[in-house]
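A short reminder: the numbers here are calculations on the coordinates, not readings from a lab. Note that the coordinates shown come from a computational prediction; the quantities given were computed from them, not determined experimentally. Counting neighbours? That spans all protein chains shown, and the Cβs are built from the backbone with ideal geometry, glycine included.
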Amino acid sequence: MERGNNGASLPKLNIAFVHPDLGIGGAERLVIDAAVGLQQQGHDVIIYTSHCDKNHCFEEVKSGEIKVEVLGDFLPTNLAGKLYIMFANMRQLYLTTKLMAEGKIHKHDLFIVDQLSTCVPLLSAFGKRSRVLFYCHFPDQLLAQRTTLVKKLYRIPFDLLEQLTMNAADCIVVNSNFTKSVYKRTFRLFSQKPNVVHPCVGLETERVQDGDLALYRKLFPQGTRFYLSVNRYERKKNIELAIKSFALSTESKHGNVKLVIAGGYDDKVLENKDYLKDLQKLTQNLGLPCFTLHYSYWDQQLSDAEPNAVNAKVLFLTSISSSLKDQLLRETDLLLYTPSFEHFGIVPLEAMKLGKPVLAVNNGGPLETIVSLIPNSNEHESTGWLRPSDPKEWAGAIEESRNFLGVADNIFTVNGPKRVKGLFSRKAMTDQFEKNIQNIPWTAGKKNWLGYFMFISLTLSVTVPAALLIGCDSLGFGVLSASLAILFRSVPTLMCIISAFILTRCICI
């Protein structure tokens, strides 16, 4: 049965996601939302992963709403804290080999792969009826640290592997137009033109837990207003921009106004600890009293220091719950989203969904999510302000925001939810996924040739040296050939084995 390219609606498909580690990060949230959305459209969906802890995953996985199968979790993830990318590739290759050995690779119409593209050529070459869509959150090679010559040399084969394997997919999509521009600059060898499928946020709101509501009321007595920044405690998030701009604004002079800094924090991560200390020192140098509250034991801290927390102008909160985060977003005057060149950015959407305006840097993903206010021009659609990463510019935007936030039914209470529902809801994302799936060439014989080419090259790189070293007439080469033939069960595999045999014979002669 042909699918797509015929103007008809997408028929029911058997879809498999392949994801390295199904935890609770942003990439995992996207995979779950895409899986749930496609399943709700009537498709059969399963997620294959190398690791999934049922105590550290999203509710849709815990409840069994989405089927998940773990393959290869017994394999190591690193060697003495090193070689993570090598072991990640090894784990994914094991997962893919397991799918081939058990015949599951032939059961699916479509594989949706993200983060790690090593398996793409194998899925493309050996899924007899299947196609492969790759979702690129951001080029992995641009995220890797290359602090020494050894690390630079170590990354070269993996960078090349990423470029070649990713482009073996039948379709590539990215999470934003910003990532699309980075993709074009990064991948130039056999590079496809990717489409954009934005991540989404759920339109439902979480009920605030009783404990979180009690904490909120202790920290924010009636009449308190606050500005909010939500980011991990990492230097690249540029949280100091929020602190400096708040200090420059007249808002910091009002006794009932605070700045709240909330975000992911791990006491075992040195950068988190050092950066928090630097931010605390900055607030003190600016003459802003601060208080740091670690969410995991807030009740113990507040028992002796509640007045200090209440009187602080800058409040640092670490690793808060999603329930408390939603409560802060619901009650804040303005979200200060500080990172520059962010790949996409989910937090602004979470604020807009609740009718709150966002002040963000005017580059990267926020250019696509936030409509910057132009007074007397676009009040009917604006959702915040976009400004250069400069404290004076941001302080000016904070002052300007007071002219609009002072109105009970301000424009953002309507514009934000409307924009999120129309462009960044799960339905909107699912529609974009189905549109890209529909446009994949489903006709027999129109699969991506790069997958076959890479597989043949890889197989020859194994069989030819083996034939030369142990002899093409040896028992060892016979066992290797039989194993490959049984595992891959394909004509290209037999061609590679025969080619290795003939080539070795010619060399020996």
One quarter of the C-alpha convex hull surface, i.e. the mean projected area of segment 364-448 in nm², amounts to 8.4
Once the Cβ-Cβ distance between Lys107 and Thr250 is put in as r, and R0 is 45 Å, what FRET efficiency do you end up with, to the nearest 0.05?
-> 0.10
Which FRET efficiency value, to the nearest 0.05, is calculated for Leu469 and Leu93 with the Förster distance at 30 angstrom and r the Cβ-Cβ distance?
-> 0.85
Could you pull the Rg and Dmax for the chain, using just the Cα atoms, both in Å?
-> 26.3, 91
Between Ser63 and Val479, the two model label points (7 Å from Cα along the beta-carbon direction) sit apart by a distance in nm of 5.1
Taking segment 242-341 as the region of interest, what is the percent of Cα-Cα pairs per 5 angstrom bin, listed from the shortest bin to the one with the maximum distance?
-> 2, 11, 21, 25, 24, 13, 3, 0, 0
For segment 259-317, convex hull of alpha carbons as volume per residue, Å³ = 77
Over the alpha-carbon set of segment 210-424, work out the extent along each principal axis and list the three values in angstrom, largest first.
-> 50, 34, 31
Mean shadow area of segment 21-135, taken as a quarter of the surface of its Cα convex hull (nm²) = 7.3
In nanometres, what is the gap between the two model label sites at Val269 and Thr224, each 7 Å from Cα along Cα-to-Cβ?
-> 2.6
Spelling it out for Lys67: with amide H atoms placed in the peptide plane at 1.01 Å from N, the residues 5 or more places away or on another chain with amide H under 5 Å from its amide H are Ile47
Rounded to whole Hz and in sequence order, give me ³J(HN,Hα) for segment 327-342 from the Karplus expression 6.51 cos²θ - 1.76 cosθ + 1.60, θ = phi - 60°, writing x for Gly and Pro.
-> 5, 5, 5, 5, 9, 5, 7, 7, 8, 9, 9, 8, x, 9, 6, 5
Shape metrics for segment 49-115, restricted to C-alpha atoms - Rg then Dmax, Å | 13.5, 39
Once label points are set 7 Å from the Cα along Cα→Cβ at both Ser322 and Tyr84, what is their separation, rounded to one decimal in nm?
-> 2.3
Virtual paramagnetic centre 7 Å along Cα→Cβ of Lys54, amide N under 18 Å, in segment 21-40 = 22-24
Give the residue from Gln115, Leu423, Trp394 lying farthest towards the positive end of the charge dipole for the chain; charges sit on Cβ (+1 for Lys and Arg, -1 for Asp and Glu) and the dipole is referred to the Cα centre.
-> Gln115
Mind pulling up the Rg/Rh value for segment 113-167? Radius of gyration and Kirkwood radius, both on Cα.
-> 1.07
Positive-end extreme of charge dipole, the chain - chosen from Ser474, Leu359, Gly287 (charges on Cβ) | Ser474
Förster radius 30 Å - calculated FRET efficiency between Thr443 and Lys421 (Cβ-Cβ, nearest 0.05) = 0.25
Hey, got the dipole for segment 22-66? About the Cα centre, +1 on K and R Cβ, -1 on D and E Cβ, debye to the nearest 20?
-> 80
Answer in debye to the nearest 20: the dipole magnitude of segment 19-147 about its Cα centre, from +1 Lys/Arg and -1 Asp/Glu charges placed on Cβ, is 440
If you stretched the chain out fully between Gln284 and Val70, how much longer would it get, using 0.36 nm times the residue separation minus the C-alpha to C-alpha distance?
-> 72.2 nm
Any idea how many Lys pairs in segment 306-419 come in under 18 angstrom at the alpha carbon, given 8 or more places apart or on separate chains?
-> 4
P(r) for segment 290-353: what percent of alpha-carbon pairs falls in each 5 Å bin, starting at zero?
-> 4, 14, 20, 24, 19, 11, 6, 2, 0
About the Cα centre of the chain, how large is the charge dipole given +1 on each Lys and Arg Cβ and -1 on each Asp and Glu Cβ? Please answer in debye to the nearest 20.
-> 1200
According to the Kirkwood expression over distinct Cα-Cα pairs, how big is the hydrodynamic radius of segment 305-427, in Å?
-> 15.2
